[in-house]
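Enquirer: First the structure, then my questions, so here it is.
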Amino acid sequence: FKMYPGRVLCKLPCSGEKEVDLAVQSAKAAFKIWSQMSGMERCRVMLEAARIIREQREEIATMETINNGKSIFEARVDIDTSWQCLEYYAGLAGSLAGEHIQLPGGCFGYTRREPLGVCVGIGAWNYPFQIACWKAGPALACGNAMVFKPSPFTPVSVVRLAEIFTEAGVPKGLFNVVQGGAATGQFLCHHPDVAKISFTGSVPTGMKIMEMAAKGIKPVTLELGGKSPLIIFSDCSLENAVNGALMANFLTQGEVCCNGTRVFVERKILDTFTKEVVKRTQKIKIGDPLLEDTRMGALINRPHLNRVQGFIKQAKEQGAEVLCGGDLYVPDDPKLKNGYYMRPCVLGNCKDDMTCVKEEIFGPVMSILPFDTEEEVLERANATKYGLAGGVFTRDIQKAHRVVAALKAGMCFINNYNASPVELPFGGYKSSGFGRENGRAAIEYYSQLKTVCVEMGDVESVF
């Protein structure tokens with residue numbers, strides 16, 4: 001399994017209805033064993049899986065880089081986040097509990113937190129291994145089984161995760177992987193033995209999954225797209241704000257759902273900020289993602305690269321100014337000449353009604369927009385169907401908290417951007433989805449409450 005830019009890495013057969021059913025039945029059998037284990041027993045197995053991932057960090061990160069095209073530097077961070085996620089939920093597994101409620105006359109009630117059953121995870125291609133861990137961590141900690149379908153563009157690393165879970169000691173079939181596209185996803189969503197669906201991806205696909213889940217009254221968690229605002233006030237630390245803007249736009253070649261791609265800059269510092277951002281963007285090292293000093297690898301595939309280029313062309317036609325980048329990049333290394341590379345792009349002279357400002361590009365394209373007042377920028381920042389994330393850079397801490405309180409977004413950042421520690425819930429408002437991943441909040445979405453009412457005396461009948 002080696003990296004050949006622009007060529008087929010490997011071939012995997014798509015899972016049909018028969019294969020999906022086998023995977024679900026296998027997970028169902030494993031669920032019976034896993035769900036009866038104590039939280040502490042599940043904890044030990046999950047800690048072992050985390051240990052294996054941590055020990056094989058370099059090997060898995062290399063696989064992820066080849067799988068996705070992101071830099072090895074970033075892939076290592078993804079793998080670290082993955083084992084940390086499993087460790088975090090392993091720690092919670094032993095503490096999951098209901099509550100006891102005293103009732104009149106010596107009677108009482110109690111609640112039990114119970115697993116759902118076989119959960120389906122459907123992942124995206126930008127963080128293949130990490131997304132699988134984000135979904136599997138809380139699901140397994142709560143006692144569920146999971147059938148996971150990675151994106152057909154990045155099918156490989158999740159298979160390694162399934163092997164690691166088996167090595168760690170989960171019951172055979174507890175975490176199964178099926179491969180395929182929309183048809184395979186449909187089989188999963190319609191399967192009568194699937195209890196819950198968690199999806200990460202685009203808004204249109206999320207809507208279809210919600211429709212399919214509704215037919216079986218299945219709960220869903222949807223982590224969808226975004227067009228998040230990043231608000232830079234003139235009283236910020238300029239260097240910090242520039243760093244934040246780069247982190248908010250160019251990680252994983254800009255293919256990040258919570259990226260702050262609408263960068264609102266207070267007019268007083270617009271020229272200074274823009275000049276510095278352009279200077280820094282032009283210095284980003286593009287090329288072989290397996291080299292240590294590469295900071296931007298290749299986009300996922302040719303159609304997506306063409307789509308991103310189309311957005312830039314349209315932006316120019318609508319009056320935006322390309323301040324840097326936006327063109328195709330051909331590395332010096334002849335082995336990489338067929339890779340899907342482009343130079344990171346900064347757009348100036350942007351207006352709120354431009355397509356590049358309204359629609360999710362999902363590539364390395366930053367749109368800079370000036371603003372004058374806090375009230376004005378908040379109204380503009382919230383004028384979107386999306387609500388995944390938002391950020392603010394300012395030295396005025398009162399203003400910072402006031403602004404994030406007013407942002408209609410599920411994940412907000414103050415003087416940083418794109419930090420996603422597993423301890424904190426992650427998810428969106430509005431069309432960016434609902435439900436939460438990570439943090440204690442995810443437990444609510446992978447378990448259900450049973451209420452038990454106990455009568456200590458004779459039943460008083462009204463009949």
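Enquirer: Once Lys and Arg get +1 and Asp and Glu get -1 on their Cβ, which of 35, 462, 189 lies farthest toward the positive end of the dipole of the chain?
Expert: Highest projection toward the positive end goes to 189.
Enquirer: Another question, if that's okay. Would you kindly find the accessible area of residue 207, with a 1.4 Å probe and non-protein molecules such as ligands, DNA and RNA excluded, rounding to the nearest 10 Å²?
Expert: 110 Å²
Enquirer: When the Kirkwood hydrodynamic radius is evaluated over all pairs of different C-alpha atoms of the chain, what value in angstrom, to one decimal, is obtained?
Expert: Evaluated over the chain, this radius sits at 23.3 Å.
Enquirer: For the chain, calculate the relative contact order in percent as a whole number, restricting contacts to Cα pairs under 8 Å that are 6 or more residues apart.
Expert: It rounds to 19 percent for the chain.
Enquirer: Here's another thing I want to ask about it. Quick check for me: using +1 on Lys/Arg Cβ and -1 on Asp/Glu Cβ, what's the dipole size of the chain about its Cα centre, in debye to the nearest 20?
Expert: The dipole of the chain has a size of about 880 debye.
Enquirer: Restricting to bridges with both residues inside the chain, how much of the DSSP beta-bridge set is antiparallel, in percent to the nearest 5?
Expert: 35 percent
Enquirer: Using Cα positions and a limit of under 18 Å, work out the lysines in reach of residue 430, with same-chain residues fewer than 8 apart set aside.
Expert: Partners within reach: 208, 227, 358, 385, 408.
Enquirer: Under a Cβ-only charge scheme (Lys and Arg +1, Asp and Glu -1), can you give me the dipole magnitude of segment 229-414 about the Cα centre, in debye to the nearest 20? Intermediate values should be presented prior to the final figure.
Expert: On the way: 24 positive and 24 negative charges, 64 e Å.
In total the dipole reaches around 300 debye.
Enquirer: Could you order 158, 278, 77 by accessible surface area, starting with the largest, using a probe radius of 1.4 Å?
Expert: 77, 278, 158
Enquirer: Name the long-range amide H neighbours of residue 108: under 5 Å, sequence gap of 5 or more, or other chain; modelled H, no Pro or chain starts.
Expert: 103, 454, 456
Enquirer: Determine which lysines satisfy two conditions relative to residue 135: a Cα distance under 16 Å, and not lying fewer than 8 residues away in the same chain.
Expert: Within the straight-line cut-off, residue 135 pairs with 149, 196.
Enquirer: Can you list the residues, at least 5 places off or on another chain, whose amide H is less than 5 Å from the amide H of residue 230, using H built in the peptide plane?
Expert: 262, 263, 264, 391
Enquirer: Now, a different point. Using a Förster radius of 35 Å, what is the FRET efficiency between residue 424 and residue 18 based on their Cβ-Cβ separation? Nearest 0.05, please.
Expert: That gives a FRET efficiency of 0.30.
Enquirer: With a 1.4 Å probe and all protein chains kept in place, how much accessible area does residue 270 have, in Å² rounded to the nearest 10?
Expert: Only protein atoms counted, so the area is about 30 Å².
Enquirer: If you don't mind, there's one more thing I want to ask. Which distance in Å, rounded to a whole number, links the C-alpha centroids of segment 192-232 and segment 393-427?
Expert: Rounded to whole Å, the Cα centres lie 23 Å apart.
Enquirer: Starting from the Cα of residue 172, draw a straight line to each of the aspartates and glutamates and keep only those under 20 Å, dropping any in the same chain fewer than 8 residues away.
Expert: Qualifying aspartates and glutamates at Cα under 20 Å: 19, 21, 41, 48, 163, 193.
Enquirer: Right, something else. Give the accessible area for residue 205 in Å² (nearest 10); use a 1.4 Å probe, count only protein heavy atoms, and leave out ligands, DNA and RNA.
Expert: Probe radius 1.4 Å; accessible area of residue 205 about 60 Å².
Enquirer: Please list 86, 12 in order of solvent-accessible area, largest first, computed with a 1.4 Å probe with all protein chains present.
Expert: Correct descending sequence by accessible area is 12, 86.
Enquirer: Right, another one. Return the loop-located chymotrypsin sites (Phe, Trp or Tyr not before Pro) in segment 269-365 (DSSP other than H, G, I, E, B) with at most 13 other Cβ atoms within 10 Å of their own Cβ; answer none if there are none.
Expert: Taking segment 269-365 and a limit of 13 other Cβ atoms within 10 Å, no loop chymotrypsin sites (Phe, Trp or Tyr not before Pro) are found.
Enquirer: Something else now. Considering Cα pairs under 8 angstrom that are at least six residues apart, work out the relative contact order of segment 338-463 and quote it in whole percent.
Expert: Working: 144 pairs, mean separation 20.3, N = 126.
Once normalised by length, the contact order is 16 percent.
Enquirer: Moving to a separate point now. Under a point-charge model restricted to the Cβ atoms of Lys and Arg (+1) and Asp and Glu (-1), what is the dipole moment magnitude of segment 305-440 relative to its Cα centre, in debye to the nearest 20?
Expert: Working: 17 positive and 17 negative charges, 80 e Å.
Using only the charged Cβ atoms, the result is roughly 380 debye.
Enquirer: So which GluC sites (Glu not before Pro) in segment 62-114 end up in coil per DSSP with only 16 or fewer other C-beta atoms within 10 Å?
Expert: Within segment 62-114, the qualifying GluC sites (Glu not before Pro) (loop, at most 16 other Cβ atoms within 10 Å) are 99.
Enquirer: If you average the alpha carbon positions of segment 33-57 and of segment 59-106, how far apart do those two centres end up, in angstrom?
Expert: Segment 33-57 and segment 59-106 have Cα centres spaced 11 Å from each other.
The values are calculated or read from the model by the stated rules, or taken from the named source; none is laboratory data. It should be emphasised that the depicted structure is a prediction, and the values quoted were computed from it without experimental measurement. Virtual Cβ from ideal backbone geometry, glycine too; neighbours counted across all protein chains shown. Surface accessibility is based on the protein's heavy atoms, side chains included, excluding ligands, DNA and RNA. Shrake-Rupley method; radii C 1.70, N 1.55, O 1.52, S 1.80 Å.
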